[in-house]
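This report concerns only the one structure given below.
The values are calculated or read from the model by the stated rules, or taken from the named source; none is laboratory data. Please read these numbers as outputs of a predicted model, since none were measured by experiment. In this analysis, Cβ positions are derived from the backbone assuming ideal geometry, glycine residues included, and neighbour counts consider all displayed protein chains. Surface accessibility is based on the protein's heavy atoms, side chains included, excluding ligands, DNA and RNA. Shrake-Rupley method; radii C 1.70, N 1.55, O 1.52, S 1.80 Å.
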Amino acid sequence: MLKKILAGAGAVAIIACGPLATGQIGQSIYTGAVKNYHSPYMSITTKSFERGYLSSNAVSRIELKNQLKAEFAEQGLPTVWLVKHHIENGFLGVKSTSEFVIDKQAAPLVNQIWGKNVAPMQVVTDSGFTGTTHFTLTVNPMDYIHKEGGSAISDKFVVTGEFDPENSKSQFSYSLPALTITTADKESMVVNNINGEGQGQMQGNFWIGHQTFSLEKAKFTAADQQHLIAIDGVNVAMDNSLSQPSGEKKPTEATQQVTNTNTIQVAKLTTLDGQHYQDIAFKLALKDLNYKAISQLATMEQSPQAAQDPAQIKQAMLALDLLIAHGASIDLSQLSVKTPQGTVNAQVLLKVKPGLEHASTNLTAVTDQLSGNVNIVIPEALAAKEPLLAAKLPVLVNQKIVTQQNGNYQLEVKIVANQLEFSSGAKLPLAMMALLLH
């Protein structure tokens, strides 16, 4: 009996101390997450943290950075937000509920859009002892009608996912069934069934992993109700993967390379002028880019001062030299669209052979490293509708650069040894192509 009492007392003690332990873990998870959060778009800092026995309360400060901050400021939008967190310290883990802090100035508008005492957005996270965190982000439905006639109506937007801090990997999915926005001028936007998912991790400026996005349909209508843009059946996929050059004997971070692949499919597109395009397909891969160089260029692109700062311009040139020195490929393996006049097809493959040093001071030498092929097919009826193409393509046919067959214009060319070799047998120095197309 005594053993049972002692065992029971021990169990009670463990359970009672559980919230204290997870409270400490909860604070460690929170402060660790804030400390280790790195993004080119925003910074997060801790404004306050008050830890209790069964629960804790914290406030985070979120501030936009670089170009995104400048764009928000230009539109008169806030660039700093406060987020309050209520953290519950349970026996098996930590649960946190986060909401934006709504000040008195914003409260009336928030109440009109989302309803009184309804949080616009809420994030719920559930973290275990290992730190693995499940999260759900919910943007509550909107039902807002402005007194001057504009409106915003939406279903609930939900993002769910999981973050594994040990491996710095995450996965997520999101959905928005419907969104309708109208302006006082009777312009409107209607969006149906947005869905997406992703798996991977952020490394510097890049998401390494896989993401998809789909849209059932969207329609944007002008104020006159006669002109519109409509798009149906959109599917987008993006992949970023890291690797080392083939045969690299001493792989390091300096030799690491990234390949970016993007695929877009659109079932139907209606433009403002009433034209209909179907089965739009696009697949582009930027292969074997030096990761260090492309990361430096991406960081500079985020800086509004980069274009005016001589030191940053010089740094950008050095990064470009590094990128070209390691070589790269641009593979547009598919670009096709069905038009009322026929189908447009294009494939482009360009490769820059590694080994060229100081390319920024000798750009003409890049052509010596370049190889690839280009194949473009344009219906004659479509070209006839475009004045520039209608004037230029017959000239290129006479010069045996473009061929004409089966109701199409076709450009088929290989880039070999600094020369352009056309399907007609004609050859030209690569440097002359720009002059011919001018």
Taking into account only those residues within the range 44-87 that are among the small types (Gly, Ala, Ser) and over 21 Å from ASP103 (Cα atoms), which is nearest to the chain's Cα centre (by Cα)? ALA70
Please work out if LYS353 is at pLDDT 90 or above and charged (D, E, K, R). yes
Against the condition within 30 Å of GLY274 (Cβ to Cβ) and surrounded by 13 or more Cβ atoms within 10 Å (Cβ to Cβ), how does VAL416 come out, does it pass? no
Residue list for the range 261-275, restricted to those being open to solvent by 30 Å² or more (accessible area, probe 1.4 Å) and under 27 Å from the mean Cα position of the chain (by Cα): THR261, ASN262, THR263, ILE264, GLN265, ALA267, LYS268, LEU269, THR271, LEU272
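Okay, residues lined up against (1) closer than 30 Å to ASP321 by Cα; (2) over 37 Å from the mean Cα position of the chain (by Cα):
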site	(1), (2)
THR367	yes, no
SER371	yes, no
VAL374	yes, no
ILE378	no, no
ALA381	no, no
LYS385	no, no
LEU389	no, no
PRO394	no, yes
LYS400	no, yes
Could you list all residues from the range 421-433 that are open to solvent by less than 50 Å² (accessible area, probe 1.4 Å) and at pLDDT below 90? ALA426, LEU428, LEU430, MET433
Restricting the search to the range 116-158, which residues are in a loop (DSSP other than H, G, I, E, B), open to solvent by 30 Å² or more (accessible area, probe 1.4 Å) and out of contact with any Asp or Glu (no Cβ under 9 Å at 6 or more places or on another chain)? LYS116, ASN117, VAL118, PHE129, ASN140, HIS146, LYS147, GLU148, ASP155, LYS156
Given the criteria in a strand (DSSP E or B) and under 19 Å from the mean Cα position of the chain (by Cα), does ALA285 qualify? yes
Considering residues that are closer than 18 Å to ALA346 by Cβ and among the small types (Gly, Ala, Ser), the number found within the range 391-422 is 1
Kindly indicate the residue of the range 211-230 that is in contact with a Leu (Cβ under 8 Å, 6 or more places away or on another chain) and open to solvent by 40 Å² or more (accessible area, probe 1.4 Å) and also nearest to LEU284 (Cα to Cα) among those meeting that condition. ILE229
